[in-house]
Each structure stands twice: as structure tokens, then as C-alpha cells.
Amino acid sequence: MLVFTLLLFLLSGVLYAYLDPGTGTALINIVISGFVAIGYGMKELIIRLIRKNKKELKEKKKRKNQISISIFSEGKQYWNSYRAIIDELIKSKIVFYYYSIDIEDPALLIENEFINSKFLRYGISSRAKFMAIKGDILLTTTPNIGAEGYLPRPKNIKRMIHFFHSVSDISIYKKHSLDFYDEVYMAGDFQKKAIREIEEKRGIKTKKLTPLGLPYLDELLKGKVSSRNENPNKTILIGSSWGKKGLLNYYGTGFIKKLAKGDVNIIFRPHPQSLKSEKSLIEKYKRELKNIPNICWDEAIDPNPSMSIADLLISDTSSLRYDYAFIYCKPVITLKIPLSAMPGYERDDISSILIDEAGREIGYVLNSEELIDIEKYILKINNEFDVVRMKNLRDSIVSNYGCSAAAIVQQLKFKENYE
Amino acid sequence: MNKILYPFILIIENLYNFLYTSTNNFGTSLILLSIITSILMFSLKSFFKKFPEREIQIQAVLQPQIDKINKETTGVEKHQRISNLYKRYSYHPILALRAAIPIFIQLPFLFAAYYILNNYEAFKGISFLGIKDLSRPDLLLSHSGIISFSISLLPVLMTTINICSAFLIPKINKKSRNQSIVIALFLFVLLYKSSSALLIYWTVNNIIFALGAIYLRLNYNKSINYNYQNTLSIKYNYNKVINFISKKKVRGLLRIYFALLVLYVIFSIELTGMSLILMPSNLYFFLFITISFLILSAITVIENHTSKQTITTLIYLLVLILPLIIMFCLKNYYYDRTIYLKYYLYVTAWVYFFTGLISSKHKSINSVKNINYKSAISVVFMFSLSPAIYLARMNPDYLSGVFYLIFFAIFAIFALIVYSFVRYIANGQFLNIRVAMIASLFAFLLTSLPIIRAYYAGNNTNFIDFSLILLATFFLTIKIKTKKQFNVVRIFGLSLIIVLSISLIFIPSETLNKSIEVSSNNKLEISFSGSNSIYLLVYDGSMNERTYDILNIETNTIKSLFTKFGFKWYKDTYSLGSTSLESMGGVLSISNANLFSSSHLRDIYAGNSKVNRVFNSNGYKTYKILNNYLTGSINDNTRKLVEEYYPSKEKKIISELDFFIVLLRGIFQGELKFDTEGIVGDHTIERIQAKKRELTLKDGEKKFVVNHINFPGHTGNSGSINEREKRRWMERLKMSYKLMQEDFENITKNDPQAIIIAIGDHGPQLTGDGTGLKNWNREDITTDLIWDRIGTMIAIRWPDKEKASKFDQNLVLNQDIFPVLFSYLSDDDQYLSLKPDRTFKGFKIIFKEGHLINNIL
């Protein structure tokens, strides 16, 4: 290292001559960081030599007898789904592992003896690290693990469990979404039919299905904001899915411009995933809608503030509809995305999609022809909407509303539940 | 440093040459070169941009947490918490270095450009755009008068541009900007006196960088990613490719493919020499293999995710790439080493090939439950044949026609015997695959182990280590039962190859057989004014007068011969070596060469010797009339020291049973490559004599002619002397007289001022067992037996006998000849001190000046 550093300095003349001034100085910083790294390594070594924590070793041995639970998250956008489960696990003093491929995952900030969290690095090596995950259980809300073109299933995981992160069934997942999972914690019994139908169709083994609720919805409920629309004009929230099933992709911005001409305020909320993976599209829409004063954009992760002030939601297949309808008990207009526009999704293999029919329960489902008269439907829906009926609907669809995380941890805790 | 940079220098040099031939203008091509390289650097840099970006991103997350910890705790606990934090984020402070990756990627090119442009001879005197000489500072602003000054403009221009671009970079903080300005000024001082070619190159580079900075600045707020859809599909396709390659079968086929590529490289080097691989197109091929392997291993790492398997993959990679790289760096410097490296590489390539073959047939080499006995036998065959093929390839002179088949058959039959033996011992308890594995290992080791061990142990005839390794291997293979153990052995084996190939660089060259004499330490600084040509005629097995008496052979003929031509025949002379090579190696290196390895001795005899260097430095031209047994394969450095070899050292294929047997014997004595073609070659004694005549007729140059004549020779190593053998030897002695007469006549007639040295290299070995007295007791070895072995003839024809008598008083050893000769030529007795010690050690005794000093050795 010393030789290397000397060399660096000796040859710096040649070096700097070419290097742009910005990175020129970076070199010096890097030499410093090299020394820091060496210092850190030495310290680590000395401390390891001096200190042998026998207690810790004993505890670790004890923990070995427990079921080892691993949780995998794709990142902070799913934090709402995991947060309650993590809190519950820590509360129950269960040691578990948490893996994330997002450096900004809030779970990584937690310093606690029960959570062993780890960031799985960047790029290709994250894939390798993911595959090296060991344990009895891998709990994740990410679908498609093991399917072609996605993350492969870790070889040393005995049981892979999926739980849902939205009020929807598997029709909105891409094909082979749950083919390689052993168990599914369903949001409610309504999801069962579609899963079984696909299992039968593909001839794959039957998964264990347990209705345990939706931690994501509970988390939203916790963050429910009681503010109201003080504006005399109606506020309409437009929420879009991402990818081909998104309403913007299918219907464009025409109807929004038309709506904006009336006495309404519009909040447009793209799917958080769109902000990540469809930057160019979002930029395009922003440019199109830039000059309309009564349209504003909501790019926050937490949808609660927008949802609380909106009087009505217009959305597509997005599960935001149910979040809105179930938590705030307000009406929703669904814009239908025809099946032909959604190739590659599980929907292709399912005969009847329950959650589509539920769309009619929480408001209207409009196709492209009906969309022309959308103002008419907005007026109509406000008159016909019934809050009590909505609450009943919610309880029939979602299990353990408000306490799903506790139910999930109860299920995870006992070995008998896996046989 | 230049060695490491060589490929980059090559790339830039070739590029520059190409540009020059296209534009035919030094300056324009220089600017074009600068533009091309800076674009290349720019793209390289942006390609590796993600590494510093990641570092920035992770620092943004970690720093607040570290600050928090620093505030809350101190000491060991603090360290513990920070350590945990790093673990959580899979981070280590050393990773901060990755921020420098884009810079380090560029470094070799920068250094290479600097190296070329600062030393480029062709720039001398070339003017361009008002600059008078590209190889010197431009000095564009010159004034001479009362006040004289000259200022170079290019450094000023460069510095101005550098300072400007420091202000142009978007998002740069004040501190970095100031640092950049300081660096720019520092550079101004440092490069002020550099060649203007270099400055043009860098100024253009800096202009391009400044333009880039302007572009970035203009587009800084518009950076929108429009390519998302594409990257999506790339990612998708990438996964598809990975899934395809992850299939064991595909990986097996890939291994075979790479093994074949490597074999191709080895053989193309073998056929055409190392220089070919340095040609740009082949260099790219070499790079292609390396990069392909890197990619393959990366994929294997991804697929086999555990750290242990990652290590295995890395080792596999190293095993294949390392010898190639070492070979590449060593080039022609150490001929011996590259041969062995090639052997390692070859071995590895075969291992790859076979494992590839197995895994392409089965799901995985590790999961092979069993194979049928046919496959088992074919595996054993292939493993035993692989070294055989290599050896056959290395020694084509020894094999031809049916002997190829016999040669391979011997190995195959041996492999079969080993297989049956192991099978018999295993008694049905082992799976076929294990039997095959053990048998292959044995068959393989038996042929390649002698070669490897001979390389490290020199010409040690003790074979205990060899047997021990075989035994250890046997027990090891018997013990392998689980997959895990198999992996351990595999990793161990592969690591061994790595260590062996690296060791080839670091072993001191004394044990490495060759090239000791090449180093300048061994140079003798001797100069003399004499202009006599020197003829060193070695009559193999010629003896001194005392030995004639011991053997009861009349001396009149030889005495009259010497008197006739004015030779002085020295008495009781002997050599410190008992074989031709040891003796002559000692003569030409003026030392006791008994401990030198045979290939080192051959190198000396071929011309890489002290004596040769002395003659060369005094304007002599060396001619070596030596058969190939005495010279071995001549490396390029040695070749440069000699004017001409006869017979010329071009190979010829001769099919002879003798050669075949020599090859087999050589293999088991641990020699990898043999070059004894000249022994039997079609260079008849008449042709050799004619060659000598031709040389003596060459006028106007000082010659140092070395000729080793195969007459009379020594007896045939048969172990006992019979009458017939003696009779035949006597005939050969007469033949040697005839040749002597011819030689002396010819030289004295055509080159009367020449110094003729007629010597024997060892005795005729006509007593005792006729050879090395191997089974003789020490007490039974007499002085006479020793005279018969090392009592050599030394007879010299001095043009000035009086002058010679000043120096030749103590000429006793063959190895004394050149110290005496140098003294004679320079008329200065100081070189007599070069004479080596006269103690001969060998045949279990110590011998000095006719006495057995001590018969215990």
C-alpha cells in the first residue's frame, strides 16, 4: 500500500495532466480513505482479539434451535407492508433476518438485537447474495421469485411464503407469480379461488393458503389523516397504476384536461413505481399538464394526505381504490383496462376476477365510451354512496382488519404451522 | 513497469502508427490520437461511473448514522456499533476505493501515452504548426537581443484550459475547484520542459474535456432517462442468458470450448513462438479468452452463490489465466520457464476439457452418482494420454509413423493396468467414477510428476520424494468419500498449480538450469591486442600421456603428430568434469561446473559463456561446430552471441527407434524437451571437416572456432568392458588421429598464426566397469581408474612459444586453458588468477594433481 501510495504521488505528474480537475483531487481523498480502511481493519482485529463475548455465543447457540425466519424486501416502497410485521416480531422477541436490496430501506436503520438486517449490495452481486439466503422460512411480499427472468429461489430456503401488499388478487401479478412459493398469507378468502385455479391449470403443487389480512392496509389505517376538504370545489384524486395497466398509459391525459375545465381540484398521484421505472413517461405527462392551474401532483410515498382531502377517487386496476374506499369510506370510479391490453399477467389464466366485480361495489366501472360522460357519473355517485354498506364489504373481503401483523407473527412463530 | 504497460503501449503505438500511415503527418496523427484516446477514456469513465455513484449514495445513508453513533457512544462500544452498521449495509471502508475505479481504469493508457510520446524517436526534427521540433519544448515566444528569452506556449495554453475547465464543471464545490487550480499550476511547472508532442497530446485532451464539461453544464438540468424501456429489455435478456448458461450442460460445453481455445493458444505459441502472441490481432485473441473467462466465472459465481464455490471458481480462473499472464510477461527471457508454464497451462486446459465433458454429459460433476465402466476407462485413457500428447508434441524429432502409436499405446496400457489394479484393490466397494478418478490421477502423475519434480529438484537421482508423493496421493484418493472432501482435494490441487506457476518467477535462477551467465555480474572485463584466431578442437575421450601408459597404448603416433605441427603436449593434465558437458562447461566458464544442471551446461557450451563473451568483446567472431546434444535448445540470447552454428539448429524429423527410447527414458528422468537431433543427423564427419576448411579460409576476421569431434569417444556405458568393445575403441582412436592430422594440416596451412587447442574432454573409460563406477566400493577405486576417467589430453600450438612459456607453467586442468590463453594474448599474467581450484570431486573420491587426497567423500 505504501509503495502504491508513493508510486501514486511520484507519478502524479503524469496522472493529473490528463485527469479532469474534478476527479484529480478525488485521488488524494481516495488515498486517505485507503488509510482509513486499514485503520478500521486493524481496530476491528484488535477488538476481536481482546474481546470474546461468550454470552453472545451462548445466545446464538440458543437461537439456533429456533425457527429461522428470513424476510426479503425489495425496498422502501414496501416498507408499509413490512413495518408492522417487524415491530411485532421484535415485540415478541423473535430473532429474525431481514434482507433488502434497497440501501434506503428504513428497516436497515433499526438497531436491535432481534433484527439482523442486511443490505444485499448492488447489481449482479445482490442476486448472488439473495441466492445465498438461508433459513427455514423466507417471508416476502415480492412475487415471481423463482420464475424465469426474475430472482431465482434461494436454494437453502425450506419454505417460501408470500403475503399480499394490496387489496387485489393475483390477477395483477405477472405470470408464474406464485408458482414457486410454498405458502401464501392471503388478505382474505376472496383470493383463494384464483390461486387454486392457476395451480390446477399448471399442474403445480397446492400451496397452503391462510387468510391472515393485509399489513399494508393496517399501516395505512394507522396513518389515517382526519383532515377534510375545506375547499368549496370538489377534490378528485386520480391514482394510476404503473406499466401497461396504468390508466395514463391506456387513456392518456385527455379526460383529465376535460375534467379540469370544470369547478374541481385534481390531485394526480402516479404509482411510486412509475416514478422509478417510467421517468420519461411521467416527465411527458408533466409537460402536457403543466399549464393547468387546478391540477397538482402528489409524489409522496404516503397517500394518506391526498386521500383524506379527496372526495372521490378515479383509478384503474390500482389497489389504491380499495385503500381509499375501505379506510376513508368514500366512492371510487374505476376505469376499465381491457384484458387485451394486459398480456403477460396472471389474469390471462383466471376465468373470473372477483376483485373486478368488487369494483362495482365501491363505485362505478367505466369503459372508454362511458368515460366521455364522466362528469355525469361523478354527480350520480355522490348521491348513491352508502358508508355502512362499504364497511360491511370491507370486513367481508379483508381478514383481521387492523391487526393482521399480529396474526402473521402468530402464524410464523409455531413450527406446527408449517407441516 | 514497462512490462506491465506493454499491452497498452502496444495498443497506443499501433493506433498511432495506423493514424500516421493514414495521414502521413506526425502532428495531425498526434491530434487524432489524442481525440480518439480521450473519447475512449471518456466512455471508459462513464461506463464505470456507477461505482463512485454507489459510494456517494451509501455515504449519504451511512454518514448521518455514524454521526449519531459518534455522539452517543465512545470506545469499544462505538466501534462495535459502527461495525454492526457496516455489516448491515454490507459495507467496508475499503470499498471507498471503488470511487477511484473510473480513474484507475484510465491509468495504464495514460502512462502508456506518456511513455511513448516522451520517448518517441521519430519526433526528432519534425516541425508542426510553427513548432520546430516535436521532440523538444516548443519555445514559440523567443527573443534574442540584449535581453534573451524564450517561452514555451503550449504549457501556458494547457494550464489556461485546465483552469477554465475547473470553472466549467457543473456541481463542483469550491474546495475541489481550488485544488484543481493548484494542480493545474503544479502541472505547468512539471511539464514545462516536456516534449511539445506530449503537450500537444494533452492540450487536445484537455480541450476535449473542457468541451465535455461545457456540454454537461448545458444539459445538467435536462438529464432525463428516455431509455427505460430498452434497459428493461436488456435486463430481461440478461436474465434469459443467465438462465441459459446456468444449465450445467451448457457450462460443460463452455468449459470444453475454453479448454480448446487455450490449447489452441499453447500450440500456436509452440509452433510460431512467443512473438506471435504479441501481435495486436493475437493480443486481442488473448484478451478475448481472458475476458470470456472472466464473464464465465462471473456467471458461475452468480449461479453458485456460496462463498466456497466462489473461491473455487476464482481458483479455476487463476489457474488458467495466471500462467498465461506470467508467460506473457516473461516472454522470451526464460525459455525454460515458459516451457513449464505452458505445460501447467496445458494440464489445466485438459482438466477443464474433461470436467467439461463430464458435466456436459451429466448434470454436474459433483452429482455424478456413477458412470459405466466404459466411460470410466475412457476417462482414465484421456487423462493418461494428455501428457503423452504434450510430450509427443514437444519432441516431434523422436517420434514418427508407427512410433506415435507405440508411444501412446504404452501410456494407454499403463493407464489400463492402473485402472484394473485400483479396481482389484477396491474389490467392488468403490463406484466406477472413484476408481476412474484414482487411476487417472496415477496415470497422470506418473508421467508428469517426474517432469515437475525434476524442475525443482534439479538432476537429483534420488527418487524418494517421487515415491512419497505417489504414495500420499494413493492414500488421499482412497480417503475421498464425500463430495466435500472431493472439493477440498480439487481446490488443493488447483491451488498447487497456481503456486507452482507463480514459483516459476521467484525461484532463484541457480536452480533453474539456465541463464546464470546472462547476468552482467559474470562478465569478465578482459581486453587484449592479439589477433590470432583461436581453434578449440575437442576430441571426445582423448587422454594424457599417463593414461596412454595405464592403458598400454603406444604414444608414438600422437607424439609425432604433435611434433610435426609444433604442438606442446602438456603432462598429467585432467579435467574437473567427467562428462563432456561438465568438462566443457567448466572450460568455457573457467570454473568447476560439476554442479551445474545439464541444460545450463548446454547453454554455456552453446555460447552463453564467460570465454565467449571475452572473445566477443575483443572483436572475435564465434563459430560453433557442435552437435545438438551438446548445445540443447538454444535460447535467443545465447544465439546472439554466436556468429554461426554448424550443423544449423533447424529441426529435422528422423524416425529412429533410438530416438523413441531416448524419449521414453528422458520422460522418466524428468526432462520435458529433448533436442539431440544432431547425434545421428545427416551431418557426416566429411561435411564437418569441410565446414572447418571453409572457416579457415575465411580471411579478415578474428575467429573463435569451437568444434567437438565424436572421436575417439568413450566406451558404451555397458557396465563391463569386453574385448570387442576395446577393439572398436582403438579403431575410433585411429580415426581421431586421422581427423587431427587433417585439422592441423588445414589450419596451419590456411591460418598459420592461429592458436590451436587440441584437448580431450574426459578419459576413454576403458578400465573398471567402463562407466561411472556406480557399484564400486570406495576402497577399490584407484588413481589409475580416475586417470582413465578424467585424464585428458591438452596440446596447444602456440605461435610464440617463448611468450607462452611465461604463462603455461601451471597448466594442469582443462579449465586452466583460457586463463593461460588470455594471459598470453594480453601479455599480462594477472588473468592466471582466474584458474579454478584443482580439486576434482566425483566417483566417491577426491582427486588433486594425481593424488587421491581422501577416499571418503
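The values are calculated or read from the model by the stated rules, or taken from the named source; none is laboratory data. Quick caveat, the model's predicted, so the values are computed rather than measured. Note that we place each Cβ from the backbone using ideal geometry, even for glycine, and neighbour counts take in every protein chain shown. Side chains included, ligands, DNA and RNA excluded: accessible areas come from the protein's heavy atoms. Shrake-Rupley method; radii C 1.70, N 1.55, O 1.52, S 1.80 Å.
Taken over segment A:27-47, the residue count meeting the criterion of being more than 7 Å from chain B (Cβ to nearest Cβ) and at pLDDT below 70 is 2. Of the residues B:S83, B:S22, B:S38, the single one that is more than 10 Å from chain A (Cβ to nearest Cβ) and part of a helix (DSSP H, G or I) is B:S22. Checked against the criterion of being at pLDDT below 90, more than 14 Å from every other protein chain (Cβ to nearest Cβ) and on the phi < 0 side of the Ramachandran plot, the candidates A:K175, A:K193 yield just one match: A:K193. Working only within segment B:102-126, note down all residues that are more than 10 Å from chain A (Cβ to nearest Cβ), at negative phi and open to solvent by 50 Å² or more (accessible area, probe 1.4 Å). Hits for segment B:102-126 are B:I105, B:N119, B:E121, B:K124. Among the residues of segment B:591-613, those that are open to solvent by 10 Å² or more (accessible area, probe 1.4 Å), more than 18 Å from B:G760 (Cβ to Cβ) and over 19 Å from the mean Cα position of the chain (by Cα) comprise B:S591, B:L595, B:K610, B:R613. Of the helices (runs of 4 or more DSSP H) lying entirely inside segment A:251-303, those carrying at least 3 residues that are within 14 Å of chain B (Cβ to nearest Cβ) and open to solvent by 20 Å² or more (accessible area, probe 1.4 Å) are A:272-277, A:279-288.
Can you find, within segment A:304-322, the residue that is nearest to the other protein chains (Cβ to nearest Cβ) among those that are open to solvent by less than 30 Å² (accessible area, probe 1.4 Å) and in a helix (DSSP H, G or I)? It comes out as A:L320.
Of all residues in segment B:41-80, those that are touching a residue at least 60 places away in the same chain (Cβ under 8 Å), facing chain A (nearest Cβ under 10 Å) and open to solvent by less than 60 Å² (accessible area, probe 1.4 Å) total 2. Among residues of segment A:182-200 that are over 21 Å from A:R153 (Cβ atoms), those with a Cβ under 6 angstrom from a residue that is open to solvent by less than 10 Å² (accessible area, probe 1.4 Å) and among the aliphatic types (A, V, I, L, M), sequence gap 6+ or separate chain, pair up as A:A187/A:L214; A:A187/A:V398; A:G188/A:V398; A:A194/A:I170. Would it be correct to say that A:F130 is in contact (Cβ under 8 Å) with a residue 40 or more places away in the chain and at the interface with chain B (Cβ under 9 Å from one of its Cβ atoms)? Criteria met by A:F130. Summed over segment A:230-240, the residues that are over 18 Å from A:D302 (Cβ atoms) and outside any strand (DSSP E or B) give a count of 4. Can you confirm whether A:N383 is modelled with pLDDT under 85 and assigned to a helix (DSSP H, G or I)? Answer is yes for this residue.
Is it the case that some residue within segment A:326-337 is in a helix (DSSP H, G or I), within 19 Å of A:I170 (Cα to Cα) and at pLDDT below 85? Within segment A:326-337, not a single residue is in a helix (DSSP H, G or I), within 19 Å of A:I170 (Cα to Cα) and at pLDDT below 85. Among the residues of segment A:199-223, the ones that are exposed (fewer than 12 other Cβ atoms within 10 Å of the Cβ) and part of a loop (DSSP other than H, G, I, E, B) come to 3 in all.
Hey, can you tell me all the residues within segment B:813-838 that are in contact (Cβ under 8 Å) with a residue 40 or more places away in the chain, open to solvent by less than 10 Å² (accessible area, probe 1.4 Å) and polar (S, T, N, Q)? Matches in segment B:813-838: B:N814, B:Q815. Here B:N810 qualifies as open to solvent by 30 Å² or more (accessible area, probe 1.4 Å), modelled with pLDDT under 85, under 24 Å from B:F704 (Cα atoms) and not hydrophobic (A, V, I, L, M, F, W, C).
Which residues, taken from segment A:120-143, are crowded, with 18+ Cβ neighbours inside 10 Å and in contact with a strand residue (DSSP E or B) (Cβ under 6 Å, 6 or more places away or on another chain)? Listed by number, the residues that qualify are A:L120, A:I133, A:G135, A:I137, A:L138, A:L139, A:T140, A:T141. Contact map, segment A:209-222: first residue free of Cβ contacts under 8 Å to residues at least 40 places away in the same chain, second residue surrounded by fewer than 19 Cβ atoms within 10 Å (Cβ to Cβ), Cβ cut-off under 8 Å, separation 6 or more or different chains; pairs are A:L209/A:K192; A:L209/A:R196. For segment A:106-134, the set of residues classified as among the charged types (D, E, K, R) and within 22 Å of the chain's Cα centre (by Cα) consists of A:K118, A:R121, A:R127, A:K129, listed by residue number. Quick one: would you say B:D769 is at pLDDT below 90 and buried (at least 19 other Cβ atoms within 10 Å of the Cβ)? Here the answer is no, as B:D769 does not meet what is asked. Sub-7 Å Cβ pairs linking a first residue in segment B:568-592 that is without any contact (Cβ under 8 Å) to a residue 40 or more places away in the chain and assigned to a helix (DSSP H, G or I) to a second residue that is open to solvent by less than 10 Å² (accessible area, probe 1.4 Å) and of a type in the set (G, A, S), at least 6 apart or interchain, are B:E582/B:A593; B:G585/B:G577; B:G585/B:A593, ordered by first then second residue. Checked against the criteria, A:G188 does not count as open to solvent by less than 70 Å² (accessible area, probe 1.4 Å) and outside the structural domain of A:I157 (by TED's automatic domain parsing).
Kindly establish whether B:K564 is assigned to a helix (DSSP H, G or I), surrounded by fewer than 14 Cβ atoms within 10 Å (Cβ to Cβ) and modelled with pLDDT of 90 or more. Yes: the conditions hold for B:K564.
The residues of segment A:102-119 that are open to solvent by 50 Å² or more (accessible area, probe 1.4 Å), in a strand (DSSP E or B) and not basic (K, R) amount to a single one, A:N116.
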